[in-house]
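Enquirer: Dropping a structure here in structure tokens format, bear with me for questions.
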Amino acid sequence: MVEEELESLSFPEAPRIVVKPPGPKSLELLNAQKDLETSSVIYPKTFRFAIDSARGATIRDVDGNYYIDWVAGIAVLNVGHNNPYVVQAIREQLDRYWHWMSEIPSEARIRFLKNLHSTLPEGLRDKAKAIFGVTGADACETAIALARWVTKKPVIMAFEGAYHGVHQGIVMTTAKTELQVYAGVPMVNVVRVPYPYPYRCPLPAKDAEDCGNAVLNYIDHLLSDPYSGVGEVGAIVVEPVQGEGGYIVPPKNFLRGLREIADKHGILLIADEVQTGVGRTDRWWAVEHSGVTPDIMCISKAIGGGIPMSVVAYRAEYDEI
């Protein structure tokens with residue numbers, strides 16, 4: 001698709017404000033939502049408008065204002081709103097069927113799986129199995145459950161600033177205390193370690209590389225020292241680029257070092273590619289920038305192009321355990 005075609009997919013009027021947000025129609029809908037829907041809905045508190053329609057990288061609200069969607073539906077719409085190829089594929093499938101016993105194969109399902117497998121990092125490509133789900137949270141939930149089953153070790157290592165979802169199990173690895181309190185889940189079998197933020201390194205370091213090494217050395221210490229108190233760690237779950245924690249790109253060799261530590265201690269490496277995957281970092285998967293293959297990979301958001309969908313890809317041999 002050439003640049004002119006991409007431009008034509010969006011509203012040419014955007015950005016344009018004709019009524020100060022929230023306009024009267026938006027305000028009416030926002031107030032109705034407040035009365036009818038849970039108070040845990042948070043985005044309308046920041047984005048004060050109601051949507052009428054969306055195209056490409058742009059949105060029109062019910063008052064006639066036009067916006068540029070800089071967040072791509074929170075990393076969901078990598079190919080834009082109402083992408084004609086996505087719309088066509090959905091319409092064709094709706095004409096055939098849209099639900100019948102979710103595990104029964106179809107030509108579309110197998111075609112999707114083959115295409116997905118062809119994109120996986122080299123160590124998983126054509127050597128993986130997949131599990132379907134609905135959201136990124138349940139993909140991460142499935143990943144840690146699988147890791148515990150495979151390793152027979154209960155503890156999951158997660159990072160400060162991490163966001164892996166708010167489901168009752170996976171919220172333990174998410175680093176937002178208020179979400180953990182809201183879920184009412186005791187913080188058990190999760191150990192948290194610093195994420196290497198080069199700009200404000202959580203450990204003493206002179207530069208980005210030194211920051212990554214400091215964190216890696218600390219993780220290795222926790223896993224090596226029988227008196228560290230971390231217990232039996234079955235997996236490390238990591239965002240290749242942190243999202244909710246501040247959109248932090250780790251030092252270049254960090255993921256490679258994490259892979260080496262996981263192998264050294266017999267631990268599985270789980271890559272949460274829910275936000276970073278499907279081309280958002282100029283590669284299909286962010287781990288490819290480091291040449292790293294995770295044992296388990298969590299995929300969601302953009303893989304469905306707006307349709308709730310997730311996939312967990314994992315080493316095929318785990319099916320035999």
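Enquirer: If residue 98 meets every condition in (1) outside the structural domain of residue 163 (by TED's automatic domain parsing); (2) aromatic (Phe, Trp, Tyr); (3) over 17 Å from residue 308 (Cβ atoms) apart from one, which number is that one?
Expert: The one condition residue 98 does not meet is (3).
Enquirer: Would you mind finding the one in 237, 188, 230, 215 that is part of a strand (DSSP E or B) and either at pLDDT 95 or above or out of contact with any Gly (no Cβ under 7 Å at 6 or more places or on another chain) (or both)?
Expert: On inspection, the qualifying residue turns out to be 237.
Enquirer: Now, a different point. Restricting to the range 108-154, name every residue that is among the charged types (D, E, K, R), buried (at least 17 other Cβ atoms within 10 Å of the Cβ) and in a loop (DSSP other than H, G, I, E, B).
Expert: The one that is among the charged types (D, E, K, R), buried (at least 17 other Cβ atoms within 10 Å of the Cβ) and in a loop (DSSP other than H, G, I, E, B): 153.
Enquirer: Name every residue in the range 134-147 that is within 18 Å of residue 307 (Cβ to Cβ) and out of contact with any Cys (no Cβ under 9 Å at 6 or more places or on another chain), in order of residue number.
Expert: Within the range 134-147, the first condition is being within 18 Å of residue 307 (Cβ to Cβ), and the residues that meet it are 134-139.
Correct list: 134, 135, 137, 138.
Conditions tested, residue by residue: (1) touching a residue at least 40 places away in the same chain (Cβ under 8 Å); (2) in the same structural domain as residue 230 (by TED's automatic domain parsing); (3) farther than 10 Å from residue 235 by Cα.
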site	(1), (2), (3)
141	no, yes, yes
156	yes, yes, no
164	yes, yes, yes
171	no, yes, yes
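Enquirer: A further question follows. What is the one condition in (1) of a type outside the set (D, E, K, R); (2) part of a helix (DSSP H, G or I); (3) touching a residue at least 12 places away in the same chain (Cβ under 8 Å) that residue 306 does not satisfy?
Expert: (2)
Enquirer: How do the pairs read when you match residues in the range 229-248 that are closer than 12 Å to residue 158 by Cα with residues anywhere that are small (Gly, Ala, Ser) and modelled with pLDDT of 95 or more, using Cβ under 6 Å and keeping only pairs 6 or more apart or on different chains?
Expert: If the second residue must be small (Gly, Ala, Ser) and modelled with pLDDT of 95 or more, the pairs left are 234/147; 235/147; 236/262; 237/158.
Enquirer: Applying the selection to the range 9-66, what residues are aliphatic (A, V, I, L, M) and part of a loop (DSSP other than H, G, I, E, B)?
Expert: The answer is 9, 14, 17, 18, 19, 41, 42, 50, 57, 62.
Enquirer: Another question about this same structure. Report, by residue number, each residue of the range 45-74 that is more than 30 Å from residue 3 (Cβ to Cβ) and modelled with pLDDT of 95 or more.
Expert: 48, 50, 62, 63 - these are the residues of the range 45-74 that are more than 30 Å from residue 3 (Cβ to Cβ) and modelled with pLDDT of 95 or more.
Enquirer: Follow-up. I'm checking my understanding of the structure. Among residues of the range 155-182 that are modelled with pLDDT under 75 and of a type in the set (D, E, K, R), which one is surrounded by the most Cβ atoms within 10 Å (Cβ to Cβ)?
Expert: That would be 176.
The values are calculated or read from the model by the stated rules, or taken from the named source; none is laboratory data. These numbers come from a predicted model, not from an experiment. All Cβ positions, even for glycine, are placed from backbone atoms using ideal geometry, and neighbour counts span all protein chains on display.
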